[in-house]
Amino acid sequence: RRHLLDLESLSAEEITTALDVAQRFKEATRDCKVKLSALAGVTSVNLFFEDSTRTRTSFSLAARRLGADSVEFSASSSSVSKGETLLDTAKTIESMKIDAMVIRHRSPGAPQMLAKNLDCCVINAGDGPHEHPTQGLLDILTIRQHRGTVAGLTVALVGDIAHSRTARSNIWGLKKLGAHVIVCGPSTLVSKQWEKLGVEVSHDLDDIVARCDVLNLLRIQFERQYTRPFPSVREYALLYAMNRERMRRAKENILIMAPGPINRGVEVTPEVADGSQSVILHQVNNGLAVRMAALYLVTKASR
Ligand code: CP
């Protein structure tokens with residue numbers, strides 16, 4: 001069985017193939033009335049143990065646009081509330097003869113555990129702070145569409161790197177495709193350890209903003225702040241929010257990205273989030289194409 005569990009274990013060629021397939025699906029379904037039949041007869045289940053708007057909806061739409069059946073599982077209204085474990089829950093659903101399981105879970109490694117124990121394809125839709133591979137792919141696809149290539153670009157991931165699965169998937173994918181990656185944020189949320197992987201570490205957005213081709217503005221993950229000291233929201237916004245003044249010092253063609261959901265006024269001001277350099281909604285749109293590619297590639301390779 002093929003799975004999509006992370007970008008760390010994928011080669012540059014595998015990442016490029018996923019991006020190319022996503023681009024082809026995007027073009028083939030540009031008029032959203034077109035429905036393909038590439039996954040006719042396939043059933044995928046969305047097993048989400050954490051909230052989601054973008055990822056869940058786009059996996060569901062992606063399956064339908066390729067002619068697959070897509071089933072929703074909601075942890076809060078399931079027998080998980082009666083004490084059923086993740087593995088028992090997943091095996092129960094698997095026994096109904098499904099082809100793919102898309103899982104989001106707060107525990108890092110939950111998708112890997114399911115992949116080892118189930119006889120269906122598993123796609124990681126976000127496992128705690130570990131990885132969010134389809135988010136990494138859709139971010140990279142968005143950069144590639146706007147710049148033609150990723151190699152040689154300077155891409156800064158700004159914000160809560162410590163708790164961000166999006167940051168990890170972006171770092172692996174962008175590095176493999178030849179980008180220069182900067183992680184930027186307060187020292188409580190950005191570790192110097194990243195330097196060991198060839199990533200530049202900065203605690204000063206004003207110092208790096210002028211040389212970035214892309215800024216990906218990550219949300220502060222309040223729900224994952226355990227005991228770590230953290231600057232106040234007001235301090236954070238003062239030091240790291242992408243605002244009009246910082247835009248004046250950025251490259252004219254800078255891409256402003258955010259995986260969403262965004263906290264307006266914290267990591268980005270509304271005029272920048274909605275401004276001419278923002279590609280935030282392009283990212284959402286590309287999420288659909290990338291999830292079509294993910295479902296197609298894992299299930300096709302497993303047939
Ligand atoms: N970016 C992202 O994963 O958004 P959702 O939590 O809304 O799916």
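Tabulated data for the structure shown
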| item | result |
| --- | --- |
| Per-pair calculated FRET efficiency, R0 = 30 Å: Ala38 and Thr85 via Cβ, rounded to 0.05 | 0.30 |
| Per residue convex hull volume, Cα atoms of segment 3-71, in Å³ | 111 Å³ |
| Kyte-Doolittle mean at least -1.0, axial Cα span of 30 Å or more - DSSP H helices of the chain | 280-302 |
| Space enclosed by the convex hull of the alpha-carbon atoms of segment 133-173, per residue, Å³ | 65 Å³ |
| Cα-based Rg of segment 133-283 normalised by 2.2 N^0.38 Å, two decimals | 0.94 |
| For the chain: rounded, prolate or oblate by the Cα gyration tensor [a/c cutoff 1.5] | prolate |
| Distance cut-off 20 Å, percentage of C-alpha pairs in segment 215-303 lying past it | 48 percent |
| Protection proxy ranking of 65-78, 194-207 - average other beta-carbon atoms within 10 Å, highest first | 65-78, 194-207 |
| Inverse of mean 1/r across different Cα pairs in segment 41-156, Kirkwood, Å | 15.3 Å |
| Cross-link pairs Lys196/Lys251; Lys26/Lys91; Lys97/Lys300 - those with Cα-Cα distance over 23 Å | Lys196/Lys251; Lys26/Lys91 |
| Share of Cα-Cα pairs in segment 100-198 lying beyond 19 Å, as whole percent | 46 percent |
| The chain - mean residue ellipticity at 222 nm from DSSP helices (-39,500 (n - 2.57) per run, n ≥ 4, rounded to 500) | -11500 deg cm²/dmol |
| Per-selection metrics, segment 246-285 (Cα): Rg and Dmax in Å | 9.9, 29 |
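Bear in mind that the values in this text are calculations on the coordinates, not laboratory data. This structure is a prediction, so every number in the text was calculated from the model and none was measured. In this analysis, Cβ positions are derived from the backbone assuming ideal geometry, glycine residues included, and neighbour counts consider all displayed protein chains.
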